[in-house]
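The values are calculated or read from the model by the stated rules, or taken from the named source; none is laboratory data. Because the structure is predicted, anything quoted here is derived from the model rather than measured. All Cβ positions, even for glycine, are placed from backbone atoms using ideal geometry, and neighbour counts span all protein chains on display. Please note that ligands, DNA and RNA were not included when accessible areas were found on the heavy atoms of the full protein model with its side chains. Shrake-Rupley method; radii C 1.70, N 1.55, O 1.52, S 1.80 Å.
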Amino acid sequence: MSKNLFDFTEKRVLVTGGSRGLGLEIAKAFSIAGADVVISGRDADALDEVRTVLKGQASIVQVVAADLVNEAETLVLRSAELLGGLDILIHAAGIRDRRSTLDMSPADFSTVVDVNLAAAYRLARAALPLLQRSGSGRLVFVTSIAASIARAPDPAYTASKGGLSALARSLAVEFGADNLTVNSIAPGWFVTEPNQALADDPKVQDFVNVRIPLKRWGRPEELAPAALFLASPAASFVNGVTLTVDGGMSAQM
């Protein structure tokens, strides 16, 4: 076993949802750890800014704009072309619609499920043959604590993230014989762009003080080490699990 279990030199990594928030911090972490990284997102301008920020890293960082609902396979093939193959896929892209069940149309519900779950399946299906050829492939889905606990109103997001965690377990069982692990990370409450207004709300902070044992929101950079661990040789026998990173929120009654 390597002396440095978290050295990703010569590892080829694709990170989706990497133009901001949790995905961006994960992409930064792999770049700093020496991996060659392709970062994907829907906003080409935001991706160009990310590439500029990470340009000084020792590893190779490239960006590919893609809509995962329609371009998942194209993204994987293009990323593999740029990297010369694929060893690790971190899927952090997703959307949220907090409308209640009676306020959300079936079509809008389906949109969230398609982006958060069906697109993940398409992405994984395209990437798995490449990860099989890697010899030590790693696939990590970023789900949510909403996959196992619920807070109303959030039916579409909760259902889609629960399905994503189940998909990770299913793939872990199916592809484990190829020395390929599939796991998921379940973030709790992190201060990202979509959550900034909530994080600034004193009433929400009162809830955080009661509900989260650490009595604070998570910082995006605090999620990245979980992705590094699950993709590293240190986690070579970790397969089909969900690593919860929530400050103890889901552990507390």
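To keep it simple, each residue is scored yes or no on (1) among the small types (Gly, Ala, Ser); (2) modelled with pLDDT under 95; (3) in contact with a Pro (Cβ under 9 Å, 6 or more places away or on another chain).
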| site | (1), (2), (3) |
| --- | --- |
| MET1 | no, yes, yes |
| GLU25 | no, no, yes |
| ALA29 | yes, no, yes |
| ILE32 | no, yes, no |
| ILE39 | no, no, no |
| ILE60 | no, yes, no |
| LEU77 | no, no, no |
| LEU86 | no, no, no |
| ILE90 | no, no, no |
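If we scan segment 130-151, do we find a residue that is farther than 24 Å from LEU243 by Cβ and not basic (Lys, Arg)? No: zero hits. The numbered conditions (1) without any contact (Cβ under 8 Å) to a residue 60 or more places away in the chain; (2) among the aliphatic types (A, V, I, L, M); (3) not in a strand (DSSP E or B) are all true for VAL38 except (3). Of the residues making up segment 60-80, those that are assigned to a helix (DSSP H, G or I), open to solvent by 70 Å² or more (accessible area, probe 1.4 Å) and under 22 Å from VAL140 (Cβ atoms) are GLU71, GLU73, THR74, LEU77, ARG78.
So for segment 97-111 (the condition being part of a helix (DSSP H, G or I) and under 24 Å from GLN252 (Cα atoms)), does at least one residue qualify? No, every residue in segment 97-111 fails to be part of a helix (DSSP H, G or I) and under 24 Å from GLN252 (Cα atoms). Residues that are part of a helix (DSSP H, G or I), of a type in the set (Asp, Glu) and either touching a residue at least 12 places away in the same chain (Cβ under 8 Å) or buried (at least 18 other Cβ atoms within 10 Å of the Cβ) (or both) within segment 150-209 comprise ASP178, GLU193, listed in sequence order.
Filtering segment 52-59 for residues that are on the phi > 0 side of the Ramachandran plot, open to solvent by less than 20 Å² (accessible area, probe 1.4 Å), in a loop (DSSP other than H, G, I, E, B) and touching a helix residue (DSSP H, G or I) at 6+ places or on another chain (Cβ under 9 Å) leaves an empty set. In segment 210-253, how many are closer than 20 Å to SER165 by Cα, aromatic (Phe, Trp, Tyr) and surrounded by 15 or more Cβ atoms within 10 Å (Cβ to Cβ)? The qualifying residues number 1.
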